Amino acid sequence: MQNEETAAPGVETPAETPAAVPTRKRPKPGERRVQILQALAAMLEQPGAERVTTAALAARLEVSEAALYRHFASKAQMFEGLIDFIEQSVFTLVNQILEREGATGSQQAARILTLLVQFAERNPGMTRVMVGDALVYENERLQQRMNQFFDKIEATLRQVLRGAAAADGSATPSVDAQVRAAALTAFVVGQLQRFARSGFRRAPSEHLEATIALIV
């Protein structure tokens, strides 16, 4: 029995139409860079993970190593992308803390410490970059950038604590602020290092509120 719908003249109708072969969707401009950085951060989150190679990173993304280098000139540049994210995320929030009216210098310092700890806890892979654990075998300038990051944190703490020391009647507010800022920065770096070296089992926020109340 002939079907009511027939093929156009001269065109053979196949007995069975093959299923459409799914095609891989090409990433939008810039999207692949983000995917590479996300994959790198995820690999750094693996407890006990050693140096991440571009071969392993490419395998995770199911692309060639050459495909990685179309978006980043080197692996160091990939780590710089992670550091850019850390700096932009943290200092955007630090500026919001500083711009909030009605808070004392001690309250601002406490909020900055809390921010750093919470950021690290939510981004374990980034924590390994922040404390330099993931940068040991990489370009030296990457570690220098993270050192500068914490130098800037310490300078910010020194700035907000100077006013607090003066309000408390200190005869040397600048010196007092410098000492306290250095101690608070060392504290938060220590919390992050313990978090990374414990395989992310020791949360940096453990007893955080009580500790901050004692040291700020």
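The values are calculated or read from the model by the stated rules, or taken from the named source; none is laboratory data. All figures in this text were calculated on a predicted structure; none of them were measured in a lab. Heads up, the Cβs are rebuilt from the backbone with ideal geometry, glycines too, and the neighbour counts pull from every protein chain shown. Accessible surface areas use protein heavy atoms only, side chains included; no ligands, DNA or RNA. Shrake-Rupley method; radii C 1.70, N 1.55, O 1.52, S 1.80 Å.
Which percent of the accessible area of the chain is formed by carbon and sulfur heavy atoms (probe 1.4 angstrom)? Working shown, then result.
Numbers: 6530 of 13220 Å².
Accessible surface attributable to carbon and sulfur in the chain totals 49 percent.
For region 94-176, compute the orientation-averaged projected area of the C-alpha convex hull (one quarter of its surface), in nm². Could you put the intermediate results ahead of the total?
On the way: hull surface 25.2 nm².
Averaged projected hull area, Cα only: 6.3 nm².
Assign unit charges at the C-beta atoms only (+1 for Lys and Arg, -1 for Asp and Glu), then state the dipole size of the chain relative to its Cα centre in Debye, rounded to the nearest 20.
On the way: 24 positive and 24 negative charges, 124 e Å.
Approximately 600 debye in magnitude.
Just how far, in whole angstrom, is region 175-216 from region 80-154 if you go by their alpha carbon centroids? Spelled out, the Cα-based centre of one part sits 13 Å from the other. Each Cα pair of the chain feeds into the Kirkwood radius, which the Stokes-Einstein equation turns, at 25 °C and 0.890 mPa s, into a diffusion coefficient of 119 µm²/s. A DSSP coil position with no more than 12 other Cβ atoms inside 10 Å describes the following GluC sites (Glu not before Pro) in region 83-112: 101. Look at the dipole of the chain built from charges on Cβ: of 188, 78, 118, the Cα furthest out on the positive end belongs to 188. Which net charge results when you count Lys and Arg as +1 and Asp and Glu as -1 among the other residues whose beta-carbon is under 10 Å from that of residue 63? Value of the local net charge: +1. Estimated from helices alone, the mean residue ellipticity of the chain at 222 nm is -21000 deg cm²/dmol (sum of -39500 (n - 2.57) over DSSP H runs with n ≥ 4, per residue).
How large is the Kirkwood hydrodynamic radius of region 130-216, in angstrom, based on all distinct alpha carbon pairs? Mind dumping the intermediate values first?
Values: mean 1/r = 0.0693 Å⁻¹.
Hydrodynamic radius (Kirkwood, Cα pairs) of region 130-216 is 14.4 Å.
The residues neighbouring residue 195, those whose beta-carbon lies less than 12 Å from its own, together hold a net charge of +2 under the Lys/Arg +1, Asp/Glu -1 convention. For residue 129, the shell of other residues with beta-carbons less than 15 Å away shows a net charge of -2, using +1 for Lys and Arg and -1 for Asp and Glu. Of all the options 110, 186, 73, the one that moves most in a Gaussian network model of the chain with Cα springs shorter than 10 angstrom is 73. Note on the chain: GNM, Cα springs under 10 Å; of 109, 59, 165, the largest mean-square fluctuation is that of 59. Taking every protein chain into account, the 1.4 Å probe leaves residue 111 with about 90 Å² of accessible area, to the nearest ten.
Under a point-charge model restricted to the Cβ atoms of Lys and Arg (+1) and Asp and Glu (-1), what is the dipole moment magnitude of region 168-216 relative to its Cα centre, in debye to the nearest 20? If you can, show how the numbers build up before the last one.
Details: 5 positive and 4 negative charges, 79 e Å.
The calculation lands at about 380 debye.
Per residue, how much accessible area does the chain show when a 1.4 Å probe rolls over the protein heavy atoms, in square angstrom? Don't skip to the answer; put the middle values down first.
Working: 13220 Å² over 216 residues.
Accessible area per residue: 61 Å².
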